[in-house]
Ligand code: AMP
């Protein structure tokens, strides 16, 4: 496995691979890798000759400076973790990715106006900024994204459509703990008590399916979540799976 930090090395490595007629799969991540990330990498490995995994905590997609400061960074461990599955790891510095502060802005239409788009101003623009650059540098045949970030996939599909990018976007299923908690790098920041109660989120979502209609589902989830003073609900929506509108 090759670990590289510059865009030039990345482009050169990919160029060589493509000159040999090999296909390339890209898995963009922010590191602190877990089995959710690994499932994307394994899928990419199955469907492509060469797998590139990027590890970069993208400052531009954080709308909360405290969240950026606390975000777990475990590069050495990450490299070891995916050693047998990825061919190229691209782990650049912020200066390498952004020699000057980025100024591009993306508009994705209705899919960005709800949920995470509404709750985290600028977040999806930051996602577009980094994903566009990675797609441009690697020009992969396929790029892999987790359904844990379902709205992100909708945004990236729109980005690819608007910019005429030929990469196929491959959505991958959510990987969960046995408890039902979705794996996430930020789970490392949870206390033992928090880890104990978080499986209730998935349990409540599952149980909400027994409600007869959308208003009842929303009422059920809001009421059940409110039973835990530790939880604060940002939003709960039932939406169309393509337009993401209620
Ligand atoms: P992140 O490092 O959190 O930016 O995630 C990188 C990619 O891995 C994104 O496409 C995520 O949706 C995906 N991902 C993260 N956690 C999971 C999970 N538990 N199951 C499936 N995909 C995931």
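Bear in mind these aren't lab numbers, they're just calculated from the coordinates by the rules spelled out. In this text the structure is predicted, and so the values were computed from the model without any measurement. Quick reminder, even Gly has a Cβ in these numbers, built from the backbone with ideal geometry, and neighbours come from all protein chains shown.
Here are the numbers for this structure:
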{"quantity": "Qualifying residues in the range 202-223 (those that are part of a helix (DSSP H, G or I) and over 20 Å from residue 246 (Cβ atoms)) - the one farthest from the chain's Cα centre (by Cα)", "calculated": "207"}
{"quantity": "Hits in the range 24-48 (condition: out of contact with any strand residue (DSSP E or B) (no Cβ under 7 Å at 6 or more places or on another chain) and either more than 9 Å from the ligand (Cβ to nearest atom) or assigned to a helix (DSSP H, G or I) (or both))", "calculated": "35, 38, 42, 46"}
{"quantity": "Wholly enclosed helices (runs of 4 or more DSSP H) of the range 70-149 bearing at least 3 residues under 19 Å from the mean Cα position of the chain (by Cα) and in contact (Cβ under 8 Å) with a residue 60 or more places away in the chain", "calculated": "115-119, 123-138"}
{"quantity": "Extreme residue, surrounded by the fewest Cβ atoms within 10 Å (Cβ to Cβ), among residues of the range 131-174 that are under 17 Å from residue 90 (Cα atoms) and within 14 Å of the ligand (Cβ to nearest atom)", "calculated": "142"}
{"quantity": "Matching residues in the range 180-197 - criterion: being in a loop (DSSP other than H, G, I, E, B) and more than 13 Å from the ligand (Cβ to nearest atom)", "calculated": "190, 191"}
{"quantity": "Tally, over the range 179-231, of residues that are in contact with a strand residue (DSSP E or B) (Cβ under 6 Å, 6 or more places away or on another chain) and over 22 Å from residue 147 (Cβ atoms)", "calculated": "0"}
